[in-house]
Amino acid sequence: MQLITEKNISKMTIYIFIIIMSSMIFMISYFYVKNTYANFEKQMQKYVHEYYNNQKAILKKEVDTVIDILNYNLIKDTHSEKELKEDTIRLLNNISFQAKKSDYFFVYEIKKMEGGDDFARMIVNPNRPDLLGSYISTNYKDENGKKFREEFMNNIRLNGESFNQYAYKKPNSDEIKQKVSYFRLYPQWNWVIAIGVYTDDIEKEISLKREDLKNRIKEQVIQNILLFLLFLTIAIVISILISEKIDEVLNNYQDKVKAKSDELMQLNESLERRVKEEVAKNREQEQLLVQKSRFIALGEMISNIAHQWRQPLSELSSILMFIKFKYNMNSLDKETMDQKSQEAERVLDYMSHTIEDFRNFFLPKKDKQKFQLYTAVESVMTILSSALTNNYINIEMQIDENIELDTYLNEFEQVVLNIMSNAKDELILNKIKNPKIKIYSQELEDKVILFIEDNGKGIDVTPIEKIFEPYFTTKKDSDGTGIGLYMSKIIVEKNINGELKAQNTQNGARFSISIPKD
(Lines give C-alpha, C1' and ligand atoms only; values in the text may rest on other atoms or scores of the structure.)
Protein backbone atom coordinates (compact mmCIF):
# COMPACT_ATOMS: atom_id res chain seq x y z
CA MET A 1 0.00 0.00 0.00
CA GLN A 2 1.41 3.33 -1.09
CA LEU A 3 1.52 5.76 1.84
CA ILE A 4 1.85 8.97 -0.18
CA THR A 5 -0.38 9.57 -3.21
CA GLU A 6 -1.33 12.56 -5.34
CA LYS A 7 -4.50 13.06 -3.31
CA ASN A 8 -2.89 13.10 0.14
CA ILE A 9 0.56 14.51 -0.68
CA SER A 10 -0.23 17.95 0.81
CA LYS A 11 -1.67 16.48 4.02
CA MET A 12 1.26 14.06 4.43
CA THR A 13 3.65 16.94 3.86
CA ILE A 14 2.04 19.01 6.62
CA TYR A 15 1.94 16.00 8.99
CA ILE A 16 5.64 15.36 8.46
CA PHE A 17 6.36 19.08 8.90
CA ILE A 18 4.37 19.19 12.17
CA ILE A 19 6.21 16.12 13.52
CA ILE A 20 9.62 17.57 12.63
CA MET A 21 8.81 21.03 14.01
CA SER A 22 7.36 19.60 17.22
CA SER A 23 10.40 17.41 17.76
CA MET A 24 12.75 20.34 17.17
CA ILE A 25 10.86 22.66 19.53
CA PHE A 26 10.73 20.10 22.31
CA MET A 27 14.43 19.26 21.90
CA ILE A 28 15.37 22.95 21.91
CA SER A 29 13.23 23.54 25.01
CA TYR A 30 14.78 20.58 26.80
CA PHE A 31 18.38 21.61 26.15
CA TYR A 32 17.58 25.26 26.84
CA VAL A 33 16.20 24.45 30.32
CA LYS A 34 19.07 22.06 31.04
CA ASN A 35 21.79 24.53 30.01
CA THR A 36 20.09 27.45 31.77
CA TYR A 37 20.13 25.74 35.15
CA ALA A 38 23.69 24.51 34.57
CA ASN A 39 24.78 28.08 33.86
CA PHE A 40 22.94 29.22 36.98
CA GLU A 41 25.31 27.29 39.23
CA LYS A 42 28.33 28.67 37.37
CA GLN A 43 27.02 32.21 37.75
CA MET A 44 26.45 31.69 41.47
CA GLN A 45 29.98 30.34 41.95
CA LYS A 46 31.37 33.38 40.17
CA TYR A 47 29.14 35.70 42.21
CA VAL A 48 30.22 34.12 45.54
CA HIS A 49 33.89 34.46 44.57
CA GLU A 50 33.46 38.10 43.54
CA TYR A 51 31.36 38.89 46.62
CA TYR A 52 33.99 37.54 49.02
CA ASN A 53 36.73 39.43 47.18
CA ASN A 54 34.62 42.58 47.37
CA GLN A 55 34.14 42.10 51.11
CA LYS A 56 37.91 41.75 51.52
CA ALA A 57 38.44 44.93 49.52
CA ILE A 58 35.95 46.75 51.78
CA LEU A 59 37.83 45.54 54.86
CA LYS A 60 41.10 46.87 53.44
CA LYS A 61 39.48 50.25 52.67
CA GLU A 62 38.14 50.48 56.21
CA VAL A 63 41.60 49.74 57.63
CA ASP A 64 42.98 52.43 55.29
CA THR A 65 40.50 54.83 56.89
CA VAL A 66 41.71 53.93 60.37
CA ILE A 67 45.34 54.38 59.21
CA ASP A 68 44.37 57.85 57.92
CA ILE A 69 42.98 58.66 61.36
CA LEU A 70 46.22 57.57 63.02
CA ASN A 71 48.32 59.57 60.57
CA TYR A 72 46.10 62.58 61.10
CA ASN A 73 46.62 62.39 64.87
CA LEU A 74 50.39 62.12 64.39
CA ILE A 75 50.55 65.62 62.92
CA LYS A 76 49.42 67.03 66.28
CA ASP A 77 53.01 67.86 67.24
CA THR A 78 51.85 69.92 70.26
CA HIS A 79 51.01 66.72 72.15
CA SER A 80 53.28 64.09 73.59
CA GLU A 81 53.24 60.58 72.10
CA LYS A 82 51.43 59.25 75.17
CA GLU A 83 48.72 61.93 74.84
CA LEU A 84 48.40 61.21 71.10
CA LYS A 85 47.96 57.49 71.76
CA GLU A 86 45.35 58.05 74.47
CA ASP A 87 43.43 60.52 72.26
CA THR A 88 43.57 58.09 69.32
CA ILE A 89 42.38 55.15 71.45
CA ARG A 90 39.37 57.15 72.67
CA LEU A 91 38.55 58.11 69.08
CA LEU A 92 38.92 54.56 67.70
CA ASN A 93 36.69 53.07 70.41
CA ASN A 94 33.84 55.15 68.95
CA ILE A 95 34.30 54.01 65.33
CA SER A 96 31.79 51.67 63.75
CA PHE A 97 31.55 50.34 60.19
CA GLN A 98 28.42 48.93 58.49
CA ALA A 99 25.78 49.86 61.03
CA LYS A 100 23.35 47.14 62.14
CA LYS A 101 25.70 44.38 60.99
CA SER A 102 27.79 42.08 63.19
CA ASP A 103 31.08 43.59 62.07
CA TYR A 104 33.95 44.03 64.49
CA PHE A 105 36.97 46.28 64.89
CA PHE A 106 39.84 46.02 67.35
CA VAL A 107 43.44 47.12 67.86
CA TYR A 108 46.31 45.25 69.51
CA GLU A 109 49.39 46.90 70.99
CA ILE A 110 52.22 44.46 70.18
CA LYS A 111 54.57 43.81 73.09
CA LYS A 112 56.49 40.86 71.62
CA MET A 113 56.70 40.73 67.81
CA GLU A 114 57.89 37.12 67.93
CA GLY A 115 54.59 36.09 69.58
CA GLY A 116 53.99 33.84 72.56
CA ASP A 117 52.00 34.37 75.76
CA ASP A 118 51.04 37.99 76.51
CA PHE A 119 52.48 39.03 73.12
CA ALA A 120 49.93 41.88 72.77
CA ARG A 121 47.43 43.94 74.72
CA MET A 122 43.87 44.75 73.56
CA ILE A 123 43.56 48.57 73.45
CA VAL A 124 40.53 49.11 71.19
CA ASN A 125 37.36 46.97 70.88
CA PRO A 126 34.05 48.91 70.61
CA ASN A 127 32.05 45.65 70.66
CA ARG A 128 33.81 44.15 73.71
CA PRO A 129 34.84 46.91 76.14
CA ASP A 130 35.30 44.21 78.81
CA LEU A 131 38.38 42.97 76.92
CA LEU A 132 40.18 46.35 76.92
CA GLY A 133 43.59 46.16 78.60
CA SER A 134 43.64 42.34 78.56
CA TYR A 135 46.69 40.46 77.24
CA ILE A 136 46.41 37.79 74.55
CA SER A 137 48.50 34.83 73.41
CA THR A 138 49.42 33.41 70.00
CA ASN A 139 48.92 29.94 71.49
CA TYR A 140 45.16 30.51 71.72
CA LYS A 141 43.08 28.13 69.56
CA ASP A 142 39.62 28.70 68.15
CA GLU A 143 36.79 26.15 68.22
CA ASN A 144 38.40 24.27 65.32
CA GLY A 145 41.82 24.13 67.00
CA LYS A 146 43.31 26.78 64.73
CA LYS A 147 46.05 29.09 66.12
CA PHE A 148 44.86 32.04 64.08
CA ARG A 149 46.83 34.63 66.07
CA GLU A 150 50.05 32.77 65.41
CA GLU A 151 49.10 32.59 61.72
CA PHE A 152 48.36 36.30 61.29
CA MET A 153 51.49 37.29 63.28
CA ASN A 154 53.62 35.21 60.91
CA ASN A 155 52.11 37.10 57.98
CA ILE A 156 52.50 40.44 59.81
CA ARG A 157 56.19 39.80 60.27
CA LEU A 158 56.59 38.89 56.59
CA ASN A 159 54.23 41.27 54.80
CA GLY A 160 52.90 43.71 57.38
CA GLU A 161 49.33 42.50 56.74
CA SER A 162 47.22 39.34 56.78
CA PHE A 163 43.79 37.96 55.82
CA ASN A 164 42.56 35.20 58.17
CA GLN A 165 39.41 33.14 58.65
CA TYR A 166 38.64 31.54 62.01
CA ALA A 167 35.83 30.72 64.46
CA TYR A 168 34.95 33.13 67.26
CA LYS A 169 32.06 34.15 69.50
CA LYS A 170 29.69 36.56 67.80
CA PRO A 171 29.01 39.89 69.63
CA ASN A 172 25.83 39.95 71.74
CA SER A 173 25.46 36.21 71.24
CA ASP A 174 26.77 32.89 72.55
CA GLU A 175 27.06 31.46 69.02
CA ILE A 176 30.45 30.55 67.57
CA LYS A 177 30.62 31.70 63.95
CA GLN A 178 33.23 31.85 61.23
CA LYS A 179 34.67 35.31 60.63
CA VAL A 180 37.01 36.90 58.07
CA SER A 181 39.52 39.44 59.41
CA TYR A 182 42.08 41.76 57.86
CA PHE A 183 45.10 42.65 60.02
CA ARG A 184 47.48 45.53 59.25
CA LEU A 185 50.63 46.56 61.19
CA TYR A 186 50.95 50.26 62.09
CA PRO A 187 54.73 50.33 62.63
CA GLN A 188 54.93 53.85 64.12
CA TRP A 189 53.28 52.67 67.34
CA ASN A 190 53.66 48.91 66.91
CA TRP A 191 49.87 48.49 66.71
CA VAL A 192 47.99 45.83 64.76
CA ILE A 193 44.65 47.08 63.41
CA ALA A 194 42.02 44.46 62.58
CA ILE A 195 38.63 44.78 60.91
CA GLY A 196 36.39 41.92 59.83
CA VAL A 197 32.94 40.52 59.30
CA TYR A 198 31.17 37.29 60.23
CA THR A 199 30.65 34.99 57.27
CA ASP A 200 27.05 34.17 58.20
CA ASP A 201 26.15 37.78 57.29
CA ILE A 202 27.88 37.30 53.94
CA GLU A 203 26.09 33.98 53.38
CA LYS A 204 22.72 35.66 54.05
CA GLU A 205 23.41 38.16 51.26
CA ILE A 206 24.52 35.36 48.95
CA SER A 207 21.41 33.32 49.80
CA LEU A 208 19.15 36.28 48.95
CA LYS A 209 21.00 36.72 45.67
CA ARG A 210 20.65 33.01 44.85
CA GLU A 211 16.90 33.06 45.51
CA ASP A 212 16.42 36.20 43.45
CA LEU A 213 18.46 34.85 40.54
CA LYS A 214 16.69 31.49 40.68
CA ASN A 215 13.26 33.18 40.51
CA ARG A 216 14.32 35.30 37.56
CA ILE A 217 15.71 32.29 35.70
CA LYS A 218 12.51 30.37 36.39
CA GLU A 219 10.42 33.21 34.95
CA GLN A 220 12.72 33.45 31.94
CA VAL A 221 12.52 29.70 31.29
CA ILE A 222 8.70 29.74 31.49
CA GLN A 223 8.50 32.75 29.16
CA ASN A 224 10.80 31.16 26.57
CA ILE A 225 8.99 27.82 26.68
CA LEU A 226 5.68 29.63 26.16
CA LEU A 227 7.28 31.53 23.30
CA PHE A 228 8.48 28.25 21.73
CA LEU A 229 4.99 26.75 22.04
CA LEU A 230 3.43 29.87 20.56
CA PHE A 231 5.83 29.73 17.64
CA LEU A 232 5.04 26.04 17.12
CA THR A 233 1.28 26.73 17.21
CA ILE A 234 1.58 29.56 14.70
CA ALA A 235 3.77 27.42 12.42
CA ILE A 236 1.24 24.55 12.53
CA VAL A 237 -1.70 26.85 11.80
CA ILE A 238 0.13 28.49 8.90
CA SER A 239 1.18 25.09 7.55
CA ILE A 240 -2.42 23.80 7.65
CA LEU A 241 -3.67 26.90 5.87
CA ILE A 242 -0.94 26.58 3.25
CA SER A 243 -1.74 22.89 2.83
CA GLU A 244 -5.41 23.67 2.25
CA LYS A 245 -4.49 26.34 -0.23
CA ILE A 246 -2.17 23.95 -2.06
CA ASP A 247 -4.97 21.39 -2.24
CA GLU A 248 -7.32 23.98 -3.61
CA VAL A 249 -4.81 25.20 -6.18
CA LEU A 250 -3.99 21.68 -7.36
CA ASN A 251 -7.64 20.72 -7.70
CA ASN A 252 -8.45 23.85 -9.63
CA TYR A 253 -5.43 23.32 -11.80
CA GLN A 254 -6.48 19.79 -12.71
CA ASP A 255 -10.03 20.89 -13.50
CA LYS A 256 -8.88 23.77 -15.63
CA VAL A 257 -6.35 21.66 -17.57
CA LYS A 258 -9.05 19.17 -18.38
CA ALA A 259 -11.62 21.82 -19.31
CA LYS A 260 -9.78 24.54 -21.15
CA SER A 261 -6.18 24.83 -22.12
CA ASP A 262 -6.56 28.59 -22.58
CA GLU A 263 -7.11 28.97 -18.82
CA LEU A 264 -3.49 27.93 -18.22
CA MET A 265 -2.36 31.55 -18.29
CA GLN A 266 -4.86 32.54 -15.60
CA LEU A 267 -3.64 29.69 -13.43
CA ASN A 268 -0.05 30.83 -13.87
CA GLU A 269 -1.06 34.35 -12.81
CA SER A 270 -2.78 32.96 -9.75
CA LEU A 271 0.32 30.98 -8.82
CA GLU A 272 2.52 34.00 -9.40
CA ARG A 273 0.33 36.08 -7.07
CA ARG A 274 0.59 33.49 -4.37
CA VAL A 275 4.35 33.32 -4.77
CA LYS A 276 4.48 37.08 -4.20
CA GLU A 277 2.39 36.67 -1.06
CA GLU A 278 4.76 34.00 0.24
CA VAL A 279 7.76 36.22 -0.55
CA ALA A 280 6.10 39.02 1.42
CA LYS A 281 5.61 36.66 4.35
CA ASN A 282 9.27 35.65 4.17
CA ARG A 283 10.27 39.31 4.26
CA GLU A 284 8.22 39.77 7.42
CA GLN A 285 10.10 36.86 8.97
CA GLU A 286 13.38 38.50 7.97
CA GLN A 287 12.31 41.70 9.72
CA LEU A 288 11.62 39.70 12.87
CA LEU A 289 15.14 38.28 12.69
CA VAL A 290 16.59 41.78 12.26
CA GLN A 291 14.66 42.96 15.31
CA LYS A 292 15.98 40.01 17.28
CA SER A 293 19.55 40.86 16.29
CA ARG A 294 19.00 44.40 17.57
CA PHE A 295 17.95 43.05 20.95
CA ILE A 296 21.12 40.95 21.04
CA ALA A 297 23.18 44.03 20.21
CA LEU A 298 21.38 45.91 22.99
CA GLY A 299 22.33 43.18 25.46
CA GLU A 300 25.96 43.42 24.38
CA MET A 301 25.83 47.19 24.78
CA ILE A 302 24.52 46.89 28.37
CA SER A 303 27.25 44.36 29.17
CA ASN A 304 29.88 46.75 27.81
CA ILE A 305 28.48 49.66 29.83
CA ALA A 306 28.75 47.51 32.99
CA HIS A 307 32.37 46.70 32.08
CA GLN A 308 33.17 50.42 31.49
CA TRP A 309 31.44 51.50 34.71
CA ARG A 310 33.41 49.13 36.94
CA GLN A 311 36.42 51.44 37.41
CA PRO A 312 34.44 54.76 37.70
CA LEU A 313 32.19 53.19 40.36
CA SER A 314 35.26 52.18 42.33
CA GLU A 315 36.59 55.74 42.04
CA LEU A 316 33.26 57.18 43.18
CA SER A 317 33.24 54.81 46.18
CA SER A 318 36.73 56.02 47.13
CA ILE A 319 35.64 59.68 46.95
CA LEU A 320 32.57 59.04 49.12
CA MET A 321 34.67 57.11 51.66
CA PHE A 322 37.10 60.06 51.89
CA ILE A 323 34.23 62.55 52.38
CA LYS A 324 32.69 60.31 55.08
CA PHE A 325 36.02 60.08 56.86
CA LYS A 326 36.55 63.85 56.76
CA TYR A 327 32.99 64.42 57.98
CA ASN A 328 33.39 61.99 60.89
CA MET A 329 36.61 63.80 61.82
CA ASN A 330 34.80 67.18 61.71
CA SER A 331 37.46 68.32 59.23
CA LEU A 332 35.33 68.55 56.08
CA ASP A 333 36.09 72.12 55.00
CA LYS A 334 34.53 73.87 52.01
CA GLU A 335 37.66 73.62 49.88
CA THR A 336 37.92 69.84 50.34
CA MET A 337 34.18 69.38 49.75
CA ASP A 338 34.34 71.45 46.54
CA GLN A 339 37.37 69.51 45.32
CA LYS A 340 35.82 66.07 45.98
CA SER A 341 32.47 67.23 44.54
CA GLN A 342 34.25 68.23 41.33
CA GLU A 343 36.02 64.85 41.20
CA ALA A 344 32.70 63.05 41.69
CA GLU A 345 31.06 65.19 39.02
CA ARG A 346 33.85 64.30 36.56
CA VAL A 347 33.38 60.58 37.27
CA LEU A 348 29.58 60.84 36.91
CA ASP A 349 29.99 62.89 33.73
CA TYR A 350 32.26 60.20 32.32
CA MET A 351 29.72 57.48 33.21
CA SER A 352 26.99 59.52 31.52
CA HIS A 353 29.17 59.92 28.44
CA THR A 354 29.79 56.18 28.42
CA ILE A 355 26.07 55.48 28.01
CA GLU A 356 25.77 58.11 25.29
CA ASP A 357 28.87 56.85 23.47
CA PHE A 358 27.68 53.25 23.41
CA ARG A 359 24.24 54.39 22.26
CA ASN A 360 25.84 56.36 19.46
CA PHE A 361 28.01 53.37 18.57
CA PHE A 362 24.95 51.59 17.25
CA LEU A 363 23.68 54.59 15.29
CA PRO A 364 24.63 55.06 11.64
CA LYS A 365 25.83 58.67 12.08
CA LYS A 366 28.28 60.13 14.58
CA ASP A 367 30.14 63.42 14.65
CA LYS A 368 33.89 63.74 14.86
CA GLN A 369 35.59 66.51 16.82
CA LYS A 370 39.06 67.97 17.12
CA PHE A 371 40.88 67.59 20.43
CA GLN A 372 44.39 67.54 21.91
CA LEU A 373 45.83 64.05 22.42
CA TYR A 374 47.49 65.12 25.68
CA THR A 375 44.19 66.51 27.05
CA ALA A 376 42.29 63.31 26.20
CA VAL A 377 44.85 61.11 27.98
CA GLU A 378 44.86 63.48 30.96
CA SER A 379 41.06 63.09 31.17
CA VAL A 380 41.43 59.30 31.43
CA MET A 381 44.17 59.71 34.03
CA THR A 382 41.75 61.73 36.18
CA ILE A 383 39.37 58.76 36.32
CA LEU A 384 42.16 56.34 37.24
CA SER A 385 44.18 58.64 39.51
CA SER A 386 42.99 57.25 42.85
CA ALA A 387 43.43 53.59 41.84
CA LEU A 388 46.93 54.28 40.49
CA THR A 389 47.97 56.27 43.57
CA ASN A 390 46.59 53.71 46.03
CA ASN A 391 48.58 50.96 44.33
CA TYR A 392 51.77 53.06 44.02
CA ILE A 393 51.81 52.81 40.23
CA ASN A 394 54.13 55.38 38.62
CA ILE A 395 52.94 57.06 35.40
CA GLU A 396 55.38 58.44 32.83
CA MET A 397 53.82 60.63 30.12
CA GLN A 398 55.78 61.79 27.08
CA ILE A 399 53.12 63.25 24.78
CA ASP A 400 53.57 66.31 22.60
CA GLU A 401 50.89 68.76 23.75
CA ASN A 402 50.57 70.13 20.19
CA ILE A 403 49.37 66.85 18.66
CA GLU A 404 45.74 67.21 17.55
CA LEU A 405 43.32 64.45 16.48
CA ASP A 406 40.07 64.67 14.55
CA THR A 407 37.97 61.67 15.55
CA TYR A 408 35.47 60.44 18.16
CA LEU A 409 36.79 61.77 21.47
CA ASN A 410 34.83 59.70 23.99
CA GLU A 411 35.27 56.43 22.13
CA PHE A 412 39.02 57.12 21.94
CA GLU A 413 39.06 57.79 25.71
CA GLN A 414 37.20 54.51 26.32
CA VAL A 415 39.89 52.59 24.46
CA VAL A 416 42.67 54.29 26.45
CA LEU A 417 40.77 53.62 29.69
CA ASN A 418 40.35 49.91 28.83
CA ILE A 419 44.05 49.45 28.11
CA MET A 420 45.16 51.49 31.16
CA SER A 421 42.78 49.55 33.45
CA ASN A 422 44.08 46.21 32.12
CA ALA A 423 47.69 47.35 32.65
CA LYS A 424 46.87 48.44 36.22
CA ASP A 425 45.16 45.11 36.97
CA GLU A 426 48.14 43.11 35.65
CA LEU A 427 50.61 45.12 37.74
CA ILE A 428 48.53 44.52 40.87
CA LEU A 429 47.86 40.84 40.07
CA ASN A 430 51.55 40.07 39.44
CA LYS A 431 52.64 42.11 42.52
CA ILE A 432 55.23 44.00 40.51
CA LYS A 433 57.84 45.90 42.50
CA ASN A 434 58.10 49.53 41.35
CA PRO A 435 55.08 49.20 39.00
CA LYS A 436 55.17 51.60 36.08
CA ILE A 437 53.04 52.57 33.07
CA LYS A 438 54.67 54.62 30.32
CA ILE A 439 52.51 56.60 27.85
CA TYR A 440 54.16 58.22 24.82
CA SER A 441 53.26 59.29 21.28
CA GLN A 442 54.72 59.30 17.79
CA GLU A 443 53.49 61.57 14.99
CA LEU A 444 53.93 60.42 11.38
CA GLU A 445 52.83 61.97 8.11
CA ASP A 446 49.53 60.14 7.85
CA LYS A 447 48.82 59.02 11.41
CA VAL A 448 49.44 59.47 15.13
CA ILE A 449 50.42 56.52 17.32
CA LEU A 450 49.82 56.39 21.06
CA PHE A 451 51.84 53.78 22.99
CA ILE A 452 50.86 52.41 26.42
CA GLU A 453 53.60 50.25 27.95
CA ASP A 454 53.82 48.52 31.35
CA ASN A 455 56.32 46.36 33.23
CA GLY A 456 53.79 43.69 34.22
CA LYS A 457 55.68 40.61 32.84
CA GLY A 458 53.88 40.63 29.47
CA ILE A 459 51.02 38.66 27.89
CA ASP A 460 51.37 34.86 28.04
CA VAL A 461 49.07 34.08 25.07
CA THR A 462 49.94 32.55 21.69
CA PRO A 463 49.15 34.03 19.26
CA ILE A 464 48.97 37.35 21.10
CA GLU A 465 46.13 38.60 18.82
CA LYS A 466 43.85 36.13 20.63
CA ILE A 467 43.41 38.68 23.46
CA PHE A 468 41.19 40.72 21.13
CA GLU A 469 38.69 37.88 20.66
CA PRO A 470 35.30 38.28 22.39
CA TYR A 471 35.01 36.77 25.88
CA PHE A 472 38.69 35.78 25.95
CA THR A 473 40.39 36.79 29.21
CA THR A 474 43.77 36.12 30.82
CA LYS A 475 42.54 37.09 34.29
CA LYS A 476 42.36 34.33 36.86
CA ASP A 477 39.16 33.05 38.47
CA SER A 478 37.00 34.72 35.80
CA ASP A 479 37.67 38.25 37.11
CA GLY A 480 37.56 39.49 33.54
CA THR A 481 34.68 39.53 31.07
CA GLY A 482 36.78 39.37 27.87
CA ILE A 483 34.81 42.28 26.40
CA GLY A 484 37.05 45.33 27.00
CA LEU A 485 39.84 44.63 24.49
CA TYR A 486 37.35 43.18 21.98
CA MET A 487 35.27 46.37 22.01
CA SER A 488 38.45 48.48 21.92
CA LYS A 489 39.50 46.63 18.76
CA ILE A 490 36.06 47.19 17.21
CA ILE A 491 36.05 50.91 18.10
CA VAL A 492 39.56 51.62 16.79
CA GLU A 493 39.52 49.57 13.58
CA LYS A 494 35.87 49.68 12.46
CA ASN A 495 34.71 53.03 13.79
CA ILE A 496 37.85 55.20 13.89
CA ASN A 497 39.50 53.41 10.90
CA GLY A 498 42.71 53.02 12.91
CA GLU A 499 44.70 50.06 14.15
CA LEU A 500 45.12 48.51 17.62
CA LYS A 501 48.08 46.17 18.24
CA ALA A 502 49.70 44.45 21.22
CA GLN A 503 53.19 43.06 21.67
CA ASN A 504 55.44 41.89 24.49
CA THR A 505 58.51 43.86 25.51
CA GLN A 506 61.47 42.89 27.67
CA ASN A 507 59.64 43.74 30.91
CA GLY A 508 55.95 43.74 30.04
CA ALA A 509 53.38 44.51 27.33
CA ARG A 510 52.97 47.43 24.92
CA PHE A 511 49.75 48.48 23.15
CA SER A 512 49.81 50.82 20.16
CA ILE A 513 46.77 52.83 19.00
CA SER A 514 47.19 54.21 15.46
CA ILE A 515 44.79 57.02 14.52
CA PRO A 516 44.72 58.38 10.93
CA LYS A 517 45.06 62.15 10.58
CA ASP A 518 42.38 62.37 7.85
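The values are calculated or read from the model by the stated rules, or taken from the named source; none is laboratory data. Just so we're clear, the structure is a prediction, and the values are computed from it rather than from any experiment. All Cβ positions, glycine included, derive from the backbone under ideal geometry; neighbour counts span all protein chains shown. The accessibility values were calculated without ligands, DNA or RNA, using every heavy atom of the protein model including side chains. Shrake-Rupley method; radii C 1.70, N 1.55, O 1.52, S 1.80 Å.
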* Structure fact -> Ranked output for segments 342-351, 394-403, 491-500 by mean other Cβ atoms within 10 Å, highest leading, reads 491-500, 342-351, 394-403
* Residue-normalised accessible area of segment 126-190, given per residue in Å² at a 1.4 Å probe -> 55 Å²
* Can you pull the percent of segment 383-518's accessible area that's carbon plus sulfur, 1.4 Å probe, other chains left in place? -> 42 percent
* Asked: Of all the accessible heavy-atom surface of segment 140-221, with the other protein chains kept in place and a 1.4 Å probe, what percent is carbon and sulfur?
  -> 41 percent
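Ordering 426, 81 by how much accessible area each has at a 1.4 Å probe, largest first, what is the list?
On the way: 426 45, 81 100 Å².
Per-residue accessible area, sorted high to low, gives 81, 426.
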* So how much accessible area does residue 353 have, in Å² to the nearest 10, using a 1.4 Å probe? -> 70 Å²
